[in-house]
1. Region 88-151: which GluC sites (Glu not before Pro) are DSSP loop and have at most 14 other beta-carbon atoms within 10 angstrom?
2. Assuming R0 = 35 Å, can you tell me the calculated FRET efficiency for the pair residue 124 and residue 210, based on Cβ-Cβ distance, to the nearest 0.05?
3. Return a whole-number percent for the relative contact order of region 67-170, with Cα pairs under 8 Å and 6 or more residues apart as the contact set.
4. At each listed q (0.12 Å⁻¹), what is the log10 of I(q)/I(0) that the Debye formula gives for region 136-246 modelled as equal alpha-carbon point scatterers?
5. Could you pull the accessible area for residue 82 with a 1.4 Å probe, rounded to 10 Å²?
6. Taking the full set of protein chains and a 1.4 angstrom probe, give the accessible area of residue 121 in square angstrom, rounded to the nearest 10.
7. Along each of its three principal axes, how wide is the spread of alpha-carbon positions in region 182-237, in whole angstrom units, largest first?
8. From the backbone phi of region 124-136, what are the Karplus-calculated ³J(HN,Hα) couplings (6.51 cos²θ - 1.76 cosθ + 1.60, θ = phi - 60°) in whole Hz, Gly and Pro given as x?
Amino acid sequence: MFSIKKEAKKVKKLVSLLQLAILLFSIFAFSFLVGAQEKTNIAGSTTAAASSTTPITIGVETVIIANGEIGIDHAIASSISHDMGIPVIYVENGDVKAAVEQLKSGIYQDVKEVVILGGETVISSKDEEVLKTSGVVSGDYEVARISGVTGTGTAVEAINYFYGPGVVDEVTLVTYKDDSDKSYNEVLHLAAELDNPIIPIPSDVKGLPADVVGTINNLDINNAEVVGDFQSESEIKSDLDELKVE
């Protein structure tokens, strides 16, 4: 049974990699495929007003709340959800009221922890207090927040939070320009479908950032997918070689 699941995951990953290759070619060739893929992915995203990413109703102890706007936080949450099966409630404009109602509705049973992914500029401290108050009143869950100064920092914090040493074997390093840039959103979200946690890294970095190196070492990560057009890709791969990451 394990062999079948493993082979199925390989097939799914190959399909996703093929999609990424097509998308990357399309971006740099200014093809119409980027727009078509964007419509597909945006239409497939979910919000608190509609439903969560994975409508599991049994044995769900953790739920992630993330920004509903297509972007870095959205992609990071999606990658963890794909890999670990943790449902995500996406909220619009940082408003968590609909998320609170969804948590009260009983869609998710046995929730013990609600994790906000992203900083206060996305989901405010006031909205965080709304969630905490709801958790206390219902007696069901506690609230935690994961965020970093950059998209890379948020991804690293999330991976360290949800995984322990030896739990995750592979990560996906995916390029983006900066936290405000939208042109890499589709690359980020296709990378999130590879069933690995993603780490977005600015395309112009010189080698691997120190916090990424620390996470790879601390969690004993052995493999990495490198997705996108890094200006110093040879330096990144050299750093991975030094870390004995394939």
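The values are calculated or read from the model by the stated rules, or taken from the named source; none is laboratory data. The model shown is predicted, which means the values in this text are computed figures rather than measured ones. We place every Cβ from the backbone using ideal geometry, glycine too, and count neighbours over all the protein chains shown. The protein model used for the area step is the full one, side chains on, heavy atoms only, and it has no ligands, DNA or RNA in it. Shrake-Rupley method; radii C 1.70, N 1.55, O 1.52, S 1.80 Å.
1. Working: sites: 92, 101, 113, 120, 128, 129, 142; in loops: 92, 120.
Loop-located and lightly packed - 92, 120.
2. Numbers: r = 29 Å, r/R0 = 0.84.
After rounding, the FRET efficiency stands at 0.75.
3. RCO, region 67-170: 25 percent.
4. After summing over all Cα pairs, the log10 values are -0.42.
5. 80 Å²
6. Looks like 140 Å² after rounding.
7. Cα extents, longest axis first: 30, 26, 16 Å.
8. Running phi through 6.51 cos²θ - 1.76 cosθ + 1.60 with θ = phi - 60° gives 5, 5, 5, 5, 4, 5, 4, 5, 4, 4, 4, x, 5 Hz.
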